[in-house]
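Colleague: Structure in structure tokens, see below.
The values are calculated or read from the model by the stated rules, or taken from the named source; none is laboratory data. Everything numeric here is computed off the predicted structure, so don't read it as measured data. Backbone-built Cβ (ideal geometry, glycine too); neighbour counts: all protein chains shown. Areas reflect the complete protein model, heavy atoms only, side chains present, ligands, DNA and RNA absent. Shrake-Rupley method; radii C 1.70, N 1.55, O 1.52, S 1.80 Å.
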Amino acid sequence: MPAIVACYKWVPDEEGIRIGDDRSVDISRARWEIGSFDRSAIEAAVQTAEASGWTPVTLTYGGEGVEKSLKDALSRGPEKGYWVASDRQDQADGRATSKVLAAAVHTLDGVRLVVCAEGASDTYARQVGPRLGVCLGWPAVTSVLSFELGEGSATVVRKLEDTQQTVEVQLPCVLCVLPEGFEPRVPGLKAIMAANRKPKERIDAADLGADEAPLAERVSLEGFAMARKNLVIAEDDPAVAARELVAALHKEGVLS
């Protein structure tokens, strides 16, 4: 039976990230989770498998902490979870990540489709999906709103800036899906319990022989600080206050 691989990333929940007065980034209290965009990629794979009879599996890449993500991923419908284990993922860029994922896909049997999010929810660099297609030697389609599998090809609807585009792409291929096209399901208790019994496989990155060296090395990380102007209009008369506000907006160039 052909397989569909849904790739995902284990990321800190942005609500738990704290930015210090010195713009330092503290993720020590953040809860880790499957990225919100990646949950849509898993949903796309599962929906397609339900319609086609193909086998949906998940694939992720990361350090020891990522192992706990497998249960959540499998509770969303896939039949097996693969984890490429490496403590170098924290420094990996899109190039390194795509090489590792491609090497892992090559070890799996019968893969005809790889589904990724348009971008990761922590960086949204939009690099891994297209690069993964290059590494696999498969066509890749981005900005995917919906798709249907045919005999040897997929019909894909892309959402562009001001229009939609329909393309046909030969299988096997890589599709990078948009979150608005695939609302992720919320796993129920039965699905969560079933995930405990589904197979999980660890793959050591060193055994794949992929080049994990990034082209770009992160040397520092700082939170973004926005300078805000605080305008206080001390007027009891709403009409006067409104005129002063409009005048201030004109002065700042917000209104023309």
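Colleague: When the accessible area of segment 10-85 is split by element with a 1.4 Å probe, what percent falls to carbon and sulfur?
Modeller: 43
Colleague: Here is a further query. For Arg158, what residues show an amide H to amide H distance below 5 Å, using hydrogens built from the backbone and excluding near sequence neighbours?
Modeller: Leu145, Gln165, Thr166, Val167
Colleague: Also, I was wondering about something else. Quick one: which of 220-227, 185-192, 91-98 comes out on top by average Cβ neighbours within 10 Å, and what's the full order, highest first?
Modeller: Values: 220-227: 8.1, 185-192: 12.1, 91-98: 21.0.
Order by mean packing, descending: 91-98, 185-192, 220-227.
Colleague: Within the chain, what is the number of lysine pairs with alpha carbons under 22 Å apart, leaving out pairs fewer than eight places apart on the same chain?
Modeller: Qualifying lysine pairs in the chain: 22.
Colleague: Next question, about the same structure. Can you work out the FRET efficiency for the pair Ser24 and Glu235, with r the C-beta to C-beta distance and R0 = 51 Å, to the nearest 0.05?
Modeller: Details: r = 40 Å, r/R0 = 0.79.
Between Ser24 and Glu235 the formula returns 0.80.
Colleague: Normalised by the number of residues in the chain, what is the relative contact order in percent for Cα pairs under 8 Å and 6+ residues apart?
Modeller: The value is 23 percent.
Colleague: Moving to a separate point now. Which whole-number percent of Cα pairs in segment 40-191 have a distance greater than 19 Å?
Modeller: For segment 40-191, the share of Cα pairs beyond 19 Å comes to 53 percent.
Colleague: Continuing with this model, one more query. Post the alpha-carbon centroid distance, segment 230-251 to segment 181-225, in whole angstrom.
Modeller: Here the two parts' Cα centres lie 50 Å apart.
Colleague: Which angle from 0 to 90°, rounded to the nearest 10, does the C-alpha axis of helix 238-252 make with the longest principal axis of the chain?
Modeller: Approximately 60 degrees, to the nearest ten.
Colleague: Follow-up. Let me cross-check Arg76: its accessible surface, 1.4 Å probe, with only protein heavy atoms counted, in Å² to the nearest 10?
Modeller: 30
Colleague: Let me ask something else. At 1.4 Å probe size, what's the solvent-accessible area of Thr48? Round to the nearest 10 Å².
Modeller: Accessible surface of Thr48 is approximately 20 Å².
Colleague: With angles folded into 0 to 90 degrees, how steeply does helix 36-52 sit against the dominant principal axis of the chain? Use alpha carbons for both and round to 10.
Modeller: Tilt of helix 36-52: around 40 degrees.
Colleague: Angle between the Cα long axis of helix 94-107 and the longest principal axis of the chain, 0 to 90 degrees, nearest 10?
Modeller: Helix 94-107 sits at roughly 20 degrees to that axis.
Colleague: Determine the relative contact order of segment 60-155: mean sequence separation of Cα pairs under 8 Å and six or more apart, normalised by residue count, in whole percent.
Modeller: Relative contact order comes out at 22 percent.
Colleague: Over the Cα atoms of segment 127-220, compute the convex hull volume and normalise it per residue, giving Å³.
Modeller: 217
Colleague: Identify the GluC sites (Glu not before Pro) of segment 88-170 meeting these criteria: DSSP loop state and at most 10 other C-beta atoms within 10 Å of the C-beta.
Modeller: Those satisfying the criteria are Glu151, Glu161.
Colleague: Which residues' amide hydrogens lie under 5 Å from the amide hydrogen of Lys80, considering only partners 5 or more residues apart or on another chain, with H built in the peptide plane?
Modeller: Here the answer is Thr58, since their amide H atoms fall under 5 Å of that of Lys80.
Colleague: Using the basic label-point model (7 angstrom from Cα toward the beta carbon), what is the Ala51 to Glu64 distance in nanometres?
Modeller: 4.2
Colleague: Hey, another quick one. Using a probe radius of 1.4 Å on heavy atoms only, what accessible surface per residue do you get for the chain? Whole Å² is fine.
Modeller: Counting only protein heavy atoms, the per-residue value for the chain is 57 Å².
Colleague: What residue among Leu160, His250, Leu108 has its Cα farthest toward the positive end of the dipole of the chain, where the charges are +1 on Lys, Arg and -1 on Asp, Glu, each on the Cβ?
Modeller: Of the candidates, Leu108 comes out farthest on the positive side.
Colleague: Let me ask something else about it. Run the accessible area of segment 92-249 with a 1.4 Å probe and give the carbon-and-sulfur part as a rounded percent. Display every interim value, and only then the final one.
Modeller: On the way: 4990 of 9680 Å².
About 52 percent, which is the carbon plus sulfur part of the accessible surface.
Colleague: Percent relative contact order of segment 5-110, based on C-alpha pairs within less than 8 angstrom and at least six residues apart?
Modeller: It comes to 25 percent, rounded to a whole number.
Colleague: How many angstrom separate the Cα center of segment 17-42 from the Cα center of segment 90-151?
Modeller: Comparing the Cα centres of segment 17-42 and segment 90-151, I get a distance of 22 Å.
Colleague: Stick to the Cα atoms of the chain, pair each with every other, and give me the Kirkwood hydrodynamic radius in Å at one decimal.
Modeller: Taking every pair of different Cα atoms in the chain, averaging 1/r and inverting gives 20.3 Å.
Colleague: Let me ask another. Per-residue accessible area for Thr142 at 1.4 Å probe radius, Å² rounded to 10?
Modeller: We get 40 Å² for Thr142.
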